[in-house]
Amino acid sequence: MQILKTYARLFVADLDTALPIYESIVGAPTDLRFGFEQAEIAAVGDFLLIAGSPEHIDRYRSTVGPVIVDDLDQLIAQLTASEAVVTGGPFTSETGRFAYLRHPDGTDVEYVEWSPEVRARVLG
């Protein structure tokens, strides 16, 4: 199992206002933009921007990540063997598969295995 990418999760009021700033910092256009539940998400460089009303996005604030991995099942097996607990998933989304795990130290992390199409688009 290999970690392919880790994002800094940022919460913004409006993607259309925030994205130009991050595209300027990164020097590249947005890699991904999609709706997820009642939030809107965009990835640019190593930033993951989450926009939506507080009642819809506050629950994501306590989770670290997403951490993009090449094999979600292998990661889950490795971490649960080390006493991590799956707290959600695995689920399927527009970008691939994801799961939430609580590490033995109490940290909640979102892990994602991108679909081949998303992986090729973002990582080349």
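Please treat every number below as a calculation from the coordinates, not as lab data. Model, not experiment: these values are computed from the prediction. All Cβ positions, glycine included, derive from the backbone under ideal geometry; neighbour counts span all protein chains shown.
Counted by Cβ distance under 9 Å from S115, the other residues give a net charge of -1, where Lys and Arg count +1 and Asp and Glu count -1.
Computed from Cα atoms, the angle from the helix 15-26 axis to the main principal axis of the chain rounds to 80 degrees. Averaging Cα coordinates gives a centre for the stretch 110-124 and one for the stretch 33-109; these two points are 14 Å apart. Charge dipole (Cα centre; +1 on Lys/Arg Cβ, -1 on Asp/Glu Cβ; no other charges) of the chain amounts to roughly 100 debye.
Taking all Cα pairs closer than 8 Å and separated by 6 or more residues, the relative contact order of the chain comes to 24 percent. Other residues with beta-carbon under 15 Å from the beta-carbon of A81 carry, at +1 per Lys or Arg and -1 per Asp or Glu, a net charge of -2. Spin-label model, S82/E23: points 7 Å from Cα along the beta carbon direction are separated by 3.8 nm.
Counting only DSSP beta bridges with both residues in the stretch 3-123, the antiparallel share comes to about 75 percent. Under a Gaussian network description of the chain, with springs only between Cα atoms under 10 Å, the residue in V85, V69, V112 that fluctuates furthest is V85. Here the simple spin-label model places points 7 Å from the Cα toward Cβ, and for E55 and L4 these points are separated by 3.6 nm.
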